[in-house]
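Everything below concerns the one structure shown next.
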Amino acid sequence: MPAVGKDIPNDSSSGHVSGRSVFLNDVPPTRNELLVDFFGSRVAHGRILSIDCSVASNVPGVVALLTAQDIPGRNRFGSIMQDEHLLADSIVNYMGDPIVLIVAESREAIEAARIAIQVDIEELPPILSIDDAITAGSFIGEPQLIHCGNATSALAQSQHRIDGSLSTGGQEHFYFESQTAIAEPGENGRITIHSSTQHPTETQQVAAEILGVPFNHVVVICKRMGGAFGGKETQAAAPAAMAALAAVNTGRTCRISLSKDSDMQYTGKRHPFQSRWSVGFDSQGLITALALDLFADAGCACDVSPAILERALLHADNAYYLPNFRVTGRLCRTNHPSNTAFRGFGGPQGVVNIENIIEEIAIYLEKGALDIRQINCYGVEDRNTTPYGQRCENNTLPLLFSQLRLSSDYDARQEQLAKFNTESPTKVRGLSMTAVKFGISFTTKTLNQANAIVNIYTDGSVLVSSGGTEMGQGINTRLRQIVADELGVNFSDVLIAPTSTEKNNNTSATAASSGTDLNGAAAINACRTLRKRLADFAAPLLADTKNGQTLSPDQLRFENGFVFVPQQPHQKIAFHDLVLQAYKARISLGERGFYATPGINFDRETGKGMPFFYYTCGVAATEVEVDRFTGELKVRRADLLIDAGQCINPGIDRGQLSGGFMQGLGWVTTEELKYSSRGELLSHSPTTYKIPNIGDLPEVFNLGFFENHDECVSLLHSRALGEPPLLLAISVWAAAKHALSFVSKDAARRLSLPATGETLLLAMEHSRSKSATALR
Ligand code: MTE
Ligand code: MOS
């Protein structure tokens, strides 16, 4: 039985639920190990005048206090622009910006040192919002633009036109395992860093540059992460480099693990966005023109913000054909921690705009929003070219819409809730269906490559290593399934090694949902080479030479732990016997496979090309109920339907579908980042920052996988599913907006994201005070 397609549990699941999984900070301290933390800025923007560590250095247990001057290499890093410092040398850019590294024997010593450190800072005016940044002209990089047709003239000629704006909030990753690293100094300037990182290679490079050593001196290892969600794509590097700097300076093993509060306060988040838009459409709701300007709060540094903004622009069309379209984007530099990758990577911030605009058109025309979505949906034969010129191949979106419309009983429920809303004095309900068309690939072409090593041992067991990192998404389980089938051995005979830069070099982050696609394809390439080599060796062994038979190697099959000639039951050899014989005959039983995604090409200058290998598409219909007097929102029912192609692991895919949706539900409803006027994050723990919990699950939650037997170009005809489901939660927000439209058009128009209870209540209150007729 092949392993691919089977519901094999995630190989960490029993460890996670029983508490036996070992995360980095569960590793007991080694002898002489030291703890590392930092003293950070207490203003959001300022100039350092002096640093005095003399009192702190006398605190018992303090071993080292390091400043920018103690950095032997280069105190600048950043994967796109090198505009970040590890330790501030003159300007501090956000509340908490690290200034002094504290290396000590105990937590108590660190806290005492933190109090004793004296840093004099001249406060500078901070920029704390997108509006302030626009006023001050504080931007990062150049404006971005994607367009097709002529939006300006089409807008002028359109039958109807609406203008509007939308603001969407940031989001804390809330991975359960905070940023953590343990650095062990080696001989002759070499160092090993265990890091909770999605990107061991970048962590290696940043640490090497900070230390001023060549990359080959630094090994970064990641066994697993306790969640990452994009937050450890670039931002695991700084803590790892801090531990490394401390280890090199003290010659002792050094560990850093941020507290939950510090992690929430001092690391970057999802980018808040603001948009301004104008849409033109006809009386059916067919969109004839759209102009959209996006502004993102990038925080104080570049990080991967240009790529995030690019993905927002490339997803502004979402599932809808736009003949005349213009989207521009700008990154605002503010005095918040640098914002970073977060599941969806700008995609959600792009998509929510057009889904919002369609709700607005529906309210304006007093038509059903789903009808408007369906008439604007990308076509199968025509009307299927995106504004950047890539065609939607094998487009299943029209089918997804119509299938879910039926299976969710959409039309009957719309009638029921309209009736309910006229009758209920206390509650108001809304139901909306939104879509996702998520482009799979890094939009930076170079990153779409991977290497994987497959080693077969003489007992027939197999060990695979790749640059792919496990963060709960199940890449290790999927890789085991894929390799097991390629070599025709049991799932249990294949294990995955901890990810390490020593084994796999120059890897990309496990991100952009393409971890399994890229690393799985590289592993398959390695397996095919090994299989060819083993088949060449096995063919003469299995041939029935007495009867003059010769066998061609490609006649052999590798299945169920055997290598055999089809239809000849006696002509077979156990895989483990074959590899032992091959070893004795001095045949290599290890291979490194390489993969680069074919066919992709995107020209940033013109905004045209084929950035994505394929799209993962889905739809969701969600019904919510809002309390008219408290604003409390409940999700009554959510029906998701996703085209994941042919699933590699249906159970893990269900986990990604429901988990991604729930994480998105948090972004669109309850998760709200509140700052003081000085730029201090106030909502930095679960008591003040509300992520969804089990009680927030939809009362009825239907997870659907669309049956797609198309031969999708991707890995084994599967489609990546790490990020796309998050965008389906936009249906929750759209449903809330739909509910408010029963209170008043004005209330609906006022809704921003997240739709917290407070936001919903204020939108309703505002319209109630404007008109005495609260109920419609
Ligand atoms: N699922 C879990 N359980 N934990 C995570 O941290 N990260 C998400 C998604 N699913 C994440 C997750 C993000 S942001 C991405 S890009 C993908 O997993 C990365 O893994 P993949 O490419 O192997 O799908
Ligand atoms: Mo995911 S945001 O691409 O790490």
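The values are calculated or read from the model by the stated rules, or taken from the named source; none is laboratory data. These numbers were taken from a predicted model, which means no experiment stands behind them. Because the Cβ atoms are built from the backbone with ideal geometry, glycine has one as well, and the counts that use them run over all protein chains shown. What goes into the accessible areas is simple: the full protein's heavy atoms, side chains included, and nothing from ligands, DNA or RNA. Shrake-Rupley method; radii C 1.70, N 1.55, O 1.52, S 1.80 Å.
Worth pointing out:
- Test: residue in the stretch 316-323 that is over 26 Å from I642 (Cβ atoms) and either buried (at least 24 other Cβ atoms within 10 Å of the Cβ) or modelled with pLDDT of 95 or more (or both): yes
- Verdict on G645 being surrounded by 20 or more Cβ atoms within 10 Å (Cβ to Cβ), in contact with a His (Cβ under 6 Å, 6 or more places away or on another chain), small (G, A, S) and closer than 20 Å to G347 by Cβ: yes
- Members of the stretch 49-74 found to be in contact with an Asp or Glu (Cβ under 6 Å, 6 or more places away or on another chain) and part of a loop (DSSP other than H, G, I, E, B), listed by number: G61, G73, R74
- First in the stretch 643-669 and farther than 18 Å from C712 by Cβ and among the hydrophobic types (A, V, I, L, M, F, W, C), second anywhere and within 16 Å of ligand 2 (Cβ to nearest atom) and open to solvent by 10 Å² or more (accessible area, probe 1.4 Å), Cβ under 6 Å, 6 or more apart: none
- Residue in the stretch 624-642 that is over 18 Å from W733 (Cβ atoms), in contact (Cβ under 8 Å) with a residue 24 or more places away in the chain, of a type outside the set (A, V, I, L, M, F, W, C) and surrounded by fewer than 17 Cβ atoms within 10 Å (Cβ to Cβ) present: yes
- Whichever residue in the stretch 143-175 is within 16 Å of ligand 2 (Cβ to nearest atom) and more than 23 Å from Q274 (Cβ to Cβ) and, among such residues, is least open to solvent (accessible area, probe 1.4 Å): Y175
Conditions (1) of a type outside the set (S, T, N, Q); (2) open to solvent by 40 Å² or more (accessible area, probe 1.4 Å); (3) within 14 Å of ligand 2 (Cβ to nearest atom); (4) not in a loop (DSSP other than H, G, I, E, B), marked per residue:
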site	(1), (2), (3), (4)
S508	no, no, yes, no
S513	no, no, yes, no
L518	yes, no, yes, yes
A522	yes, no, no, yes
N525	no, yes, no, yes
R528	yes, yes, no, yes
K532	yes, yes, no, yes
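- Residue within the stretch 284-305 that is of a type outside the set (K, R), in a helix (DSSP H, G or I) and modelled with pLDDT of 95 or more present: yes
- From the options A307, A301, residue that is over 17 Å from L166 (Cβ atoms) and open to solvent by 10 Å² or more (accessible area, probe 1.4 Å): A307
- Yes/no for G344 being within 16 Å of ligand 2 (Cβ to nearest atom), crowded, with 24+ Cβ neighbours inside 10 Å, part of a helix (DSSP H, G or I) and of a type outside the set (A, V, I, L, M, F, W, C): no
- Picking from residues in the stretch 1-10 that are open to solvent by 60 Å² or more (accessible area, probe 1.4 Å) and more than 24 Å from the chain's Cα centre (by Cα), the one that is farthest from Q656 (Cα to Cα) is M1.
- Any hit, the stretch 176-198, residues being closer than 30 Å to D317 by Cα and in a loop (DSSP other than H, G, I, E, B): yes
- In the stretch 450-489, of all residues being charged (D, E, K, R) and within 16 Å of ligand 1 (Cβ to nearest atom), the one that is surrounded by the most Cβ atoms within 10 Å (Cβ to Cβ) corresponds to R478.
- Test for T426: is it among the β-branched types (V, I, T), touching a residue at least 40 places away in the same chain (Cβ under 8 Å) and away from ligand 1 (no atom under 16 Å from the Cβ): yes
- The residue that is surrounded by the fewest Cβ atoms within 10 Å (Cβ to Cβ), counting only those in the stretch 573-598 that are touching a residue at least 60 places away in the same chain (Cβ under 8 Å) and in a loop (DSSP other than H, G, I, E, B), is L589.
- Considering the stretch 680-706, the residues that are surrounded by 19 or more Cβ atoms within 10 Å (Cβ to Cβ) and under 16 Å from E172 (Cβ atoms) include one that is nearest to the chain's Cα centre (by Cα), namely P692.
- The residues in the stretch 204-227 that are crowded, with 24+ Cβ neighbours inside 10 Å and away from ligand 1 (no atom under 16 Å from the Cβ) can be counted, and the count is 6.
- Residues in the stretch 99-142 that are under 27 Å from the mean Cα position of the chain (by Cα), under 23 Å from L87 (Cα atoms) and open to solvent by less than 10 Å² (accessible area, probe 1.4 Å): I140 only.
- Scanning the stretch 501-517 for residues that are within 13 Å of ligand 1 (Cβ to nearest atom) and either of a type in the set (S, T, Y) or at pLDDT below 95 (or both) gives T507, S508, T510, S513, S514, T516.
- From L673, L740, L762, residue being touching a helix residue (DSSP H, G or I) at 6+ places or on another chain (Cβ under 6 Å) and either among the basic types (K, R) or away from ligand 2 (no atom under 16 Å from the Cβ) (or both): L740
- When each of E355, E359 is tested for being touching a Ser or Thr at 6+ places or on another chain (Cβ under 6 Å), over 19 Å from G231 (Cα atoms) and open to solvent by less than 10 Å² (accessible area, probe 1.4 Å), the lone residue that passes is E355.
- Residue selected from the stretch 554-572 under the condition touching a residue at least 60 places away in the same chain (Cβ under 8 Å) and charged (D, E, K, R), by the criterion surrounded by the most Cβ atoms within 10 Å (Cβ to Cβ): E559
So that you can scan it fast, the table gives a plain yes or no per residue for (1) in contact with a strand residue (DSSP E or B) (Cβ under 9 Å, 6 or more places away or on another chain); (2) among the β-branched types (V, I, T); (3) surrounded by 21 or more Cβ atoms within 10 Å (Cβ to Cβ); (4) in contact (Cβ under 8 Å) with a residue 24 or more places away in the chain:
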residue: S12; (1), (2), (3), (4): no, no, no, yes
residue: E33; (1), (2), (3), (4): yes, no, no, yes
residue: F38; (1), (2), (3), (4): yes, no, yes, yes
residue: A44; (1), (2), (3), (4): yes, no, yes, yes
residue: V63; (1), (2), (3), (4): yes, yes, no, yes
residue: G78; (1), (2), (3), (4): yes, no, no, yes
residue: D83; (1), (2), (3), (4): yes, no, no, yes
residue: Y94; (1), (2), (3), (4): yes, no, yes, yes
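- From the list T434, T422, the one residue that fits, being more than 16 Å from ligand 2 (Cβ to nearest atom), touching a helix residue (DSSP H, G or I) at 6+ places or on another chain (Cβ under 6 Å) and among the polar types (S, T, N, Q), is T434.
- E202 being of a type in the set (D, E) and more than 30 Å from G659 (Cβ to Cβ): no
- Considering only residues in the stretch 224-248 that are farther than 15 Å from T203 by Cα and part of a helix (DSSP H, G or I), the one that is farthest from ligand 2 (Cβ to nearest atom) turns out to be V248.
- Among the residues of the stretch 228-251, just one is of a type outside the set (S, T, N, Q) and surrounded by fewer than 20 Cβ atoms within 10 Å (Cβ to Cβ), namely G251.
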